[in-house]
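Here the structure is laid out as structure tokens; the discussion comes afterwards.
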Amino acid sequence: MRTAPANRHPGADAPHAAADGGWSWWRRYRIAAGVLLALLVPPGILVKEHLVGRWRFDAYRKTLRDQGIALTAAELPPPRSLPKEYECLPVAVIDGLLAVRDPSTEVGVPFELPQATESQQPGFAVPAWRLAAPRTEDGGHRNWPEIRTRMADTFADLQAVRRRLLERPFTAPVVEPTVTAQIPSIFRYITVARYLNVLALAELEAGRPEACLDTLLAALRLNESLAPGAERHLVVHIGYLAMGAINSRAVWACLQYSDWSDAQLAALQAAWGRLDPAGLLPLVIQGELVFGMEILRQPVDALGLRGSPLFAAGAGGTRTAGPAGSGGAIGALLDSLAIWGGEAAIAAGGYAWADFNRLTYAQIMRTNLDGATRLAATRDLRTISDLLATQTVALNAVARSTRFGTRDWSPRSMACVLLMPKLAEVMAETARAATRREMIITAIVLHRYRLGRGEWPERLEELTPALLAGRPHDWLGGRPLTYRRNEDGTFTLYSVGENGADDGGDPTSESEGCSAGFFAGRDWVWARLADHQEAVTAEWARTGAAGRLGPDGGGSAGPAPYTEVGAARSSLHPKGMSSPKPVGCEVRPAVPSVRGPSPRPAPHRMGRGYPEGG
């Protein structure tokens, strides 16, 4: 160990000690200033971001309000009212009324519902009620006796729902956009709509057209009952569109029945006329705007963290301590501190960037609202293509801003990404729904015209104003629907489809190897009824049945083709004129189901005098 020399003066190191003491003081001062700066700069940045964001958002909010755009629930226009016969019921009561039992299932084999139509080739189809074993949603086939057996309980419940909807329809109370827990179960509505359409086909197959019409009207009333809620909640609007798409297939199949009266067709036309998917779109987007504005005021709620187990623990939740000496109590304390710190950090971030997120959300939703308003005004999906492109660019930019560690990362739009709906597809689907509605109403009116005149009209202008208020419009092409009367006694009605080009009524798909279905293809063509020979050939190829369809109601052995006597398309003949029996109705062989043998159906009798049951 080194020691100081004995002859060294005791005060010799005093100047050096004084210098060291001064340097230590200066170093401590710099450290303290650095710590103070580190503590003050982040809050200063947060305050600055908050003030700038508030200033920009307030300016944009004033612009929106000057244009009459609602930003709070109190500023939303009142929802449209349904006819007086609709009764407003609590959601729990409606869920009970729509509690329909599911079809019985085999062990390990789910029950797939039959499809309303079966396409023979693009542009031609056969309704399910004319086939002995209609195609199911999984590509298989079931005959009607098996369908009725498996859906007996379902049909019994549906008849009660149908009776209630026709006598006293109901609707759910309209709640504010932020009250998502009190909207009805859209999945339940869609399920009941699917079942009702199967019931309508079964009623027509059994020879009960009045019951079929009642079922179709009940399904449309259930669809209409969602309209007030669809003005406030996007999920309700999507359910509203889905139910309309489901009902469109069934109405085509039922229109192939040739003995409807004008009063029945007029009732069906009026029910479809009350649906207005495009008119609801601007209102539902305003509801989504209000929803986002309210949620983004609470960033923790916007991130979905409020009420989670982590924050529940931070708010006073308990944690079971581990064994003695394991540090369980200390671990619980550290966990709580970490949770509180995380919540405080999110709250601080919300304070700084909530207004920036609200601004980004409002700007993108404003673009969507402009597109919806323009679509409703022009009735042309092509006019909003530029707005949809702008929206896509904005959404991509917002998505890139959430990639932490990249040059595009920004906390100014992280929360709004979680709430931003992709409304471009919703607007496109709304235009599709509006086009389907126009085509369905036009087809119904064409049948009414033929019923009174004995032939199809030469032009659609002949339908106005006696049967239609105006010429039907094609929302996908921004022009009237295209119609022509064919020389073979049929008609062609089509929309230009989603490509916006008139392909002359071409129903084939634009993609090679894909068969176009209903309301699809290069042009959206209203399907024509496949002729008798095509239907018989398809039935043989599908089921492998040895019998054939004959005019006497029985099947004869051998695969020899059957030659139809009379016109080929029975549903295209006006009422009162001579027409053959519908394919697969009065005369059908015993076609086995692919899921097992089934008894031969009884001879079929179409007409209003057919008794109940069977």
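May I ask you to verify whether residue 70 is small (Gly, Ala, Ser), part of a loop (DSSP other than H, G, I, E, B) and over 30 Å from residue 496 (Cα atoms)? It is true that residue 70 is small (Gly, Ala, Ser), part of a loop (DSSP other than H, G, I, E, B) and over 30 Å from residue 496 (Cα atoms).
The residue pairs whose first member lies in the stretch 416-443 and is in a loop (DSSP other than H, G, I, E, B), whose second member is open to solvent by 30 Å² or more (accessible area, probe 1.4 Å) and among the aromatic types (Phe, Trp, Tyr), and whose beta carbons are closer than 8 Å, counting only pairs six or more residues apart or on different chains, are 419/291. Only residues that are in contact with a Ser or Thr (Cβ under 8 Å, 6 or more places away or on another chain) and of a type in the set (Gly, Ala, Ser) were counted in the stretch 373-396, giving 1.
Being farther than 19 Å from residue 277 by Cβ, open to solvent by 10 Å² or more (accessible area, probe 1.4 Å), of a type outside the set (Ser, Thr, Tyr) and assigned to a helix (DSSP H, G or I) holds for only one residue in 211, 218, 202, and it is 211. Check 54, 30, 65, 61 and return the single one that is charged (D, E, K, R), open to solvent by less than 70 Å² (accessible area, probe 1.4 Å), outside any loop (DSSP other than H, G, I, E, B) and modelled with pLDDT of 75 or more. Of 54, 30, 65, 61, the one residue that is charged (D, E, K, R), open to solvent by less than 70 Å² (accessible area, probe 1.4 Å), outside any loop (DSSP other than H, G, I, E, B) and modelled with pLDDT of 75 or more is 61.
Listed here are the residues, each with its yes/no results for (1) buried (at least 18 other Cβ atoms within 10 Å of the Cβ); (2) in a loop (DSSP other than H, G, I, E, B); (3) without any contact (Cβ under 8 Å) to a residue 24 or more places away in the chain.
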{"residue": "132", "(1), (2), (3)": "yes, yes, no"}
{"residue": "138", "(1), (2), (3)": "no, yes, no"}
{"residue": "148", "(1), (2), (3)": "no, no, no"}
{"residue": "164", "(1), (2), (3)": "no, no, no"}
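For residue 85, state whether it is part of a loop (DSSP other than H, G, I, E, B) and touching a residue at least 24 places away in the same chain (Cβ under 8 Å).
Spelling it out, residue 85 is indeed part of a loop (DSSP other than H, G, I, E, B) and touching a residue at least 24 places away in the same chain (Cβ under 8 Å).
Criterion applied to 479, 484, 471 was being open to solvent by 60 Å² or more (accessible area, probe 1.4 Å), within 22 Å of residue 122 (Cα to Cα), touching a strand residue (DSSP E or B) at 6+ places or on another chain (Cβ under 8 Å) and at pLDDT 90 or above, and the one residue passing it is 484. Restricting to the stretch 444-469, name every residue that is under 23 Å from residue 263 (Cβ atoms), of a type in the set (D, E, K, R) and not in a helix (DSSP H, G or I). The one that is under 23 Å from residue 263 (Cβ atoms), of a type in the set (D, E, K, R) and not in a helix (DSSP H, G or I): 455.
The values are calculated or read from the model by the stated rules, or taken from the named source; none is laboratory data. No experiment lies behind these values; they were computed from the predicted model shown. Using ideal geometry, Cβ is built from the backbone for each residue, glycine included, and neighbour counts are taken over all protein chains shown. Note: areas computed on protein heavy atoms with side chains; ligands, DNA, RNA excluded. Shrake-Rupley method; radii C 1.70, N 1.55, O 1.52, S 1.80 Å.
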